[in-house]
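Here's the structure we're looking at; comments come further down.
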Amino acid sequence: MEILVCVKRVPDTAENEIEINSEGNDIERDDLVYSVNEWDNYAVEEAIQIVDKVGGSVTVVTVGDEESEEVLRREMAMGAQNGLLLTDDGFEGADGKGTASILAAAVKKGNYDLILTGAQADDGAAEVGGMLAAMLDYPYASLVNTIETQDGKLKVGREVEGGNQDMYEIELPCVLSIQTGINEPRYVGIRGIRKVASVEIPEYGASDLGIDASSVGGDAAKVKRMDYFMPEMGEGAEMLEGSTEEIIEKLIEYLKAKGGLK
Amino acid sequence: MADIFAYIEHNQGVAEDSALELLTAAKKISPDAAVTAIVMGSGGDLDKVCNEMAASYNAVWKIDNAAFSFPDAEAARKALVNILPGDCVLLVPHAHLGMDLSPGLSIKMDSTFISDIVDVEGLDGNTLKVIRQEFAGQVSTHVHADIANGAVVNVRPGVFQPDESKAGGGEVVDKSGDLGDVSVKRKYLETVEAEAGEVDITKSEVLVSVGRGVEEEDNIETIFDLAEAMGADVSCSRPIVDAKWLEKPRQVGTSGQTVKPKVYMALGISGSFQHMGGVKGNPFIVAVNKNPKAPIFQVADVGVEADILEFVPELTEKIKEL
């Protein structure tokens, strides 16, 4: 099976406190640690496991700048055979639809049976996979947490309310967005990264993909982020202050009063 | 102003809470707009939901088809493209169905998709001004969207007050004949119910809930120690289950369990809306987190800025001394 996995380089929120810059137009990016979007990592692991079972190859693709190459290499170190960087000055500022359009053009240049994305990324929109499927006229399933390969189709589970799982049969080619927890992504060591350090990663720009950058980049974006701001705290929590001992004392009083201690 | 529609999620003849929240969101987009409820399903319970919605919405479109005996986004997308006016605004709850349905629907309708909005500032000509969150709720953004060609807007459940005014008095219109071809390449097989765990956290009065801040599997033990000292049960957030450190039935959230304790201790949990969506019944919430900007502090009653790995063992000791 030929599998394409769409990945994104994002600030690692587990490692960083996100702060807003003084102009309020972006987050403070100077000291951020970047890594591959958590959901995408599960998608790549799943693709590798499928190919291990039924054969084929895994290609990881991203829309981004030169710095995005590092996440492609990381995923190739996990075991993806090919990388593909979609990069063009004109792609800058693309919204979800623009990004999906760029990816759709890349899909059409290849011959993939299955396309995976992470269920969502840093902006929490969870939109690119579903848009991509619609542009390609492929069937789609989101929040997928199990995949079983069958002849010409897949049996997939979607995570739904209450920890339940909806099971579907879906025809290939299709697009699936992958939920975390579907597998246990393998560890990537320095050695693995070194092994793929010199593998060439092809780059495609707008003209290579046969698209007009002005139709997918910032100028074409219909959804525009105007700024970043800290959410209003509302009343917020009463923050307990003082020494640890004092804090614990106050907290225990609260717990007693509210029935938290038996 | 284009027509506004709301996609009604329902279960066993009862509309979900989101049904009347969408009406509030619609009125914030345009106070005078006529808002139509879209109720899709099959047979029996459908009329009940339609009548319930007619009291609140200006009109109800009933769509009765065997293809919707189970809420299938692939089939619903094809039907909606056929029946909705091209430049309308459709509001959909940003839940498991909406995430499946809406992004692709916006492409098929050639309209603008706006995901997971938490507030509406208003409509200025063809520009819809909304508020979203990014980075798991750590920061908010003002978003301006061009909706001249219509829009599909996913609305976060639980953030808009439900519109209980029942000022609709709408008529139920049967649109079932206008669907066209709703055949799809994805077939629903069955729903596998969640397995029961060793404890039923939905019944717990006091929950000690652990999140990513616990850092390592070995540290989970300290959480159980605290729970034992308090006489509480242990629950957790999603990353703990993803890492297989605790079993799925202990997960609190929209994709896990809905709990209704008296006291909820959130330890090293950032407090994403998916997690808090599973905490009901207005419990007393204590949050301990080393990140003072963690969204959990906005919803907690009492907060402690601390590393749980240091704080929890000390708290446990003190409680044991009582």
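Brief remarks on what is shown
- Test set (1) in contact (Cβ under 8 Å) with a residue 12 or more places away in the chain; (2) facing another protein chain (nearest Cβ under 10 Å); (3) assigned to a loop (DSSP other than H, G, I, E, B) - residue B:245 fails condition number: (2)
- Residue in the stretch B:201-214 that is within 14 Å of chain A (Cβ to nearest Cβ), buried (at least 19 other Cβ atoms within 10 Å of the Cβ) and assigned to a loop (DSSP other than H, G, I, E, B) present: yes
- Restricting the stretch A:1-19 to residues that are more than 14 Å from every other protein chain (Cβ to nearest Cβ), in contact with a Phe, Trp or Tyr (Cβ under 8 Å, 6 or more places away or on another chain) and hydrophobic (A, V, I, L, M, F, W, C), the residue that is farthest from residue B:272 (Cα to Cα) is A:3.
- Residue within the stretch A:60-73 that is hydrophobic (A, V, I, L, M, F, W, C), under 28 Å from residue B:242 (Cα atoms) and more than 13 Å from the chain's Cα centre (by Cα) present: no
- For the stretch B:215-242, filtered to residues that are more than 25 Å from the chain's Cα centre (by Cα) and in a loop (DSSP other than H, G, I, E, B), the residue that is farthest from residue B:268 (Cα to Cα) is B:231.
- Strands (runs of 3 or more DSSP E) lying entirely in the stretch A:88-166 (those with 2 or more residues that are of a type in the set (Lys, Arg) and within 9 Å of another protein chain (Cβ to nearest Cβ)): A:153-159
- The set of residues in the stretch B:300-316 being more than 7 Å from chain A (Cβ to nearest Cβ), without any contact (Cβ under 8 Å) to a residue 40 or more places away in the chain and not in a helix (DSSP H, G or I) consists of B:306 alone.
- Residue A:211 being surrounded by 19 or more Cβ atoms within 10 Å (Cβ to Cβ), more than 7 Å from chain B (Cβ to nearest Cβ) and in a loop (DSSP other than H, G, I, E, B): yes
- Within the stretch B:178-194, being outside any strand (DSSP E or B), loosely packed, with under 14 Cβ neighbours inside 10 Å and at the interface with chain A (Cβ under 7 Å from one of its Cβ atoms) holds for one residue alone: B:193.
- Within the stretch A:214-240, restricting attention to residues that are touching a helix residue (DSSP H, G or I) at 6+ places or on another chain (Cβ under 7 Å), assigned to a loop (DSSP other than H, G, I, E, B) and more than 8 Å from chain B (Cβ to nearest Cβ), the residue that is surrounded by the most Cβ atoms within 10 Å (Cβ to Cβ) is A:216.
- Within the set B:64, B:47, the sole residue that is acidic (Asp, Glu) and within 22 Å of residue B:96 (Cα to Cα) turns out to be B:64.
Residue-by-condition table, conditions (1) surrounded by 21 or more Cβ atoms within 10 Å (Cβ to Cβ); (2) over 10 Å from residue B:209 (Cβ atoms); (3) within 10 Å of another protein chain (Cβ to nearest Cβ); (4) small (Gly, Ala, Ser):
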| residue | (1), (2), (3), (4) |
| --- | --- |
| B:231 | no, yes, yes, yes |
| B:238 | yes, yes, yes, no |
| B:252 | yes, no, no, no |
| B:259 | yes, no, no, no |
| B:265 | yes, no, yes, no |
| B:271 | yes, yes, no, yes |
| B:276 | yes, yes, no, no |
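- Taking the stretch B:81-130 as the region of interest, the strands (runs of 3 or more DSSP E) fully inside it that hold 3 or more residues being more than 9 Å from chain A (Cβ to nearest Cβ) are B:89-93, B:119-124.
- Residue that is nearest to the other protein chains (Cβ to nearest Cβ) [pool: residues in the stretch B:131-177 that are in a loop (DSSP other than H, G, I, E, B) and among the aliphatic types (A, V, I, L, M)]: B:136
- Top-ranked residue of the stretch A:131-154 - restricted to ones that are farther than 15 Å from residue A:180 by Cα and polar (S, T, N, Q), ranked as modelled with the lowest pLDDT: A:150
The values are calculated or read from the model by the stated rules, or taken from the named source; none is laboratory data. For clarity, every value in this text was computed on a predicted model and none was experimentally measured. In this analysis, Cβ positions are derived from the backbone assuming ideal geometry, glycine residues included, and neighbour counts consider all displayed protein chains.
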